[in-house]
1. State all residues of the range 74-91 that are crowded, with 16+ Cβ neighbours inside 10 Å and either among the hydrophobic types (A, V, I, L, M, F, W, C) or more than 20 Å from K56 (Cα to Cα) (or both); if no residue qualifies, say none.
2. For residues in the range 12-49 being surrounded by 11 or more Cβ atoms within 10 Å (Cβ to Cβ) and out of contact with any helix residue (DSSP H, G or I) (no Cβ under 8 Å at 6 or more places or on another chain), which is modelled with the highest pLDDT?
3. Being at pLDDT 95 or above, assigned to a helix (DSSP H, G or I) and in the same structural domain as A50 (by TED's automatic domain parsing): is that true of A86 here?
Amino acid sequence: MGVLLVGSTRLDAILVLLLIVIALAVAAALAAPFLRPGSDPNAATGERLAELEARKEAKYREIRDAELDYRTGKLSAEDHRALDRALRREAITILEEIEASAEGAKHETLGGGEAAGDIRSESERSDRT
């Protein structure tokens, strides 16, 4: 019976070590996204701009394809006009998103725009004195 007790204590120690290793693995997996060097907000903005640029180019291709379809007689003038308007509206929306993302990136770079405003205010104050 005493041998079983010693083995049980050894088994308990192994289980505790195993639980510690599992807990550390879970903690590492949860912390990894926050510790990754690529978690820079500017990188996310760059990725967003790249995705929007790709969408813009794809939309431009669609506009060119619609023009080609019209010239080859696959689309009537009325159908082409409707399709062209819709595609151009979508392209404008994408361009506005690009502009907003670029402005947001610029805004973040300047520290929310407050730093630039503070600099202007400071220089105006020094000009008055």
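1. Hits for the range 74-91 are L75, L83, L87, A91.
2. If we take residues in the range 12-49 being surrounded by 11 or more Cβ atoms within 10 Å (Cβ to Cβ) and out of contact with any helix residue (DSSP H, G or I) (no Cβ under 8 Å at 6 or more places or on another chain), then E47 is modelled with the highest pLDDT.
3. Judged against the criteria, A86 is a match.
The values are calculated or read from the model by the stated rules, or taken from the named source; none is laboratory data. Values in this document were obtained by computation on a predicted structure and should not be read as measured data. Quick reminder, even Gly has a Cβ in these numbers, built from the backbone with ideal geometry, and neighbours come from all protein chains shown.
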